[in-house]
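Report on the following structure.
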Amino acid sequence: MLKISKYKKCKDFPLIKEDYVFVLYDDQMCVKRVIAIYFKAYERYCYTERVITDLDNISYISLHIYISVYHLFSDLIKEECNLLTHHLASNIFYYIRSTNVLIKENILKLLSDEKKYYFNYFGRKDIIRKIT
């Protein structure tokens, strides 16, 4: 398992727009899609589409949230809208390539080992309590 926040410089698992990450949201580990990456330059925040191999080079990321519902994830909340948020790169716990998720309408399904990592480790309440 790769806990990306521990690996500040990682050429094997770069952070790429449209890929996915596990990030803590309130008291729940969620899957989030990276929609934008920003870095600070000249006292301003600048958008980039570059592949990020060093998390210290970015200021924050914009994310589209998928909340766990049983063994799937949904991006709709009860008000029938999507949640978007900004996070520091240090809040990323695990990186997921877009090829390891399946999205149909508003439902996201983890594939391969990512499903096992989430449900057997990252999604557990006892692990979340230790992280926070």
- [ ] Give me a count of the residues in region 86-114 that are assigned to a strand (DSSP E or B) and within 19 Å of Ile52 (Cα to Cα).
- [x] 7
- [ ] Would you mind telling me which numbered condition in (1) within 12 Å of the chain's Cα centre (by Cα); (2) open to solvent by 50 Å² or more (accessible area, probe 1.4 Å); (3) at pLDDT 85 or above; (4) more than 18 Å from Lys109 (Cβ to Cβ) Ala36 fails?
- [x] (2)
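Go through region 16-33 and give me each residue that's closer than 16 Å to Arg97 by Cα and open to solvent by less than 40 Å² (accessible area, probe 1.4 Å).
Kept after step one, since they are closer than 16 Å to Arg97 by Cα, are these residues of region 16-33: 16-23, 30-33.
Passing the criteria: Asp19, Tyr20, Val21, Phe22, Val23, Cys30, Val31, Lys32.
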Open item on the list: So, in region 88-99, exactly how many residues are in contact with a strand residue (DSSP E or B) (Cβ under 7 Å, 6 or more places away or on another chain), surrounded by fewer than 18 Cβ atoms within 10 Å (Cβ to Cβ) and at pLDDT 85 or above?
Closed with: 1
Task: Pairs with Cβ under 7 Å, 6+ apart, first in region 103-122 and without any contact (Cβ under 8 Å) to a residue 40 or more places away in the chain and open to solvent by 80 Å² or more (accessible area, probe 1.4 Å), second part of a helix (DSSP H, G or I) and not basic (Lys, Arg) - done: Ser112/Asn100
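Among the residues of region 51-91, count how many are of a type in the set (Ser, Thr, Tyr) and within 14 Å of Glu105 (Cα to Cα). Reasoning before the result, please.
Residues of region 51-91 that are of a type in the set (Ser, Thr, Tyr), as a first pass: 53, 59-60, 62, 66, 68, 70, 74, 85, 90.
Add one more test, that the residue is within 14 Å of Glu105 (Cα to Cα), and what stays is 66, 74.
Within region 51-91, residues that are of a type in the set (Ser, Thr, Tyr) and within 14 Å of Glu105 (Cα to Cα) number 2.
Would you please name the residue that is surrounded by the fewest Cβ atoms within 10 Å (Cβ to Cβ), looking only at residues in region 39-67 that are in a strand (DSSP E or B) and of a type in the set (Gly, Ala, Ser)? Break it down stepwise before answering.
Initially, region 39-67 is screened for residues in a strand (DSSP E or B), giving 39-41, 44-48, 52, 54, 60-67.
Now restrict to residues that are of a type in the set (Gly, Ala, Ser): 41, 62.
Numbers: Ala41: 10, Ser62: 17.
Checked region 39-67; the qualifying residue surrounded by the fewest Cβ atoms within 10 Å (Cβ to Cβ) is Ala41.
The values are calculated or read from the model by the stated rules, or taken from the named source; none is laboratory data. On a predicted model such as this, the values are computed, not experimentally measured, just so you know. Virtual Cβ from ideal backbone geometry, glycine too; neighbours counted across all protein chains shown. We work out accessible area using only protein heavy atoms, side chains counted, and drop any ligands, DNA or RNA first. Shrake-Rupley method; radii C 1.70, N 1.55, O 1.52, S 1.80 Å.
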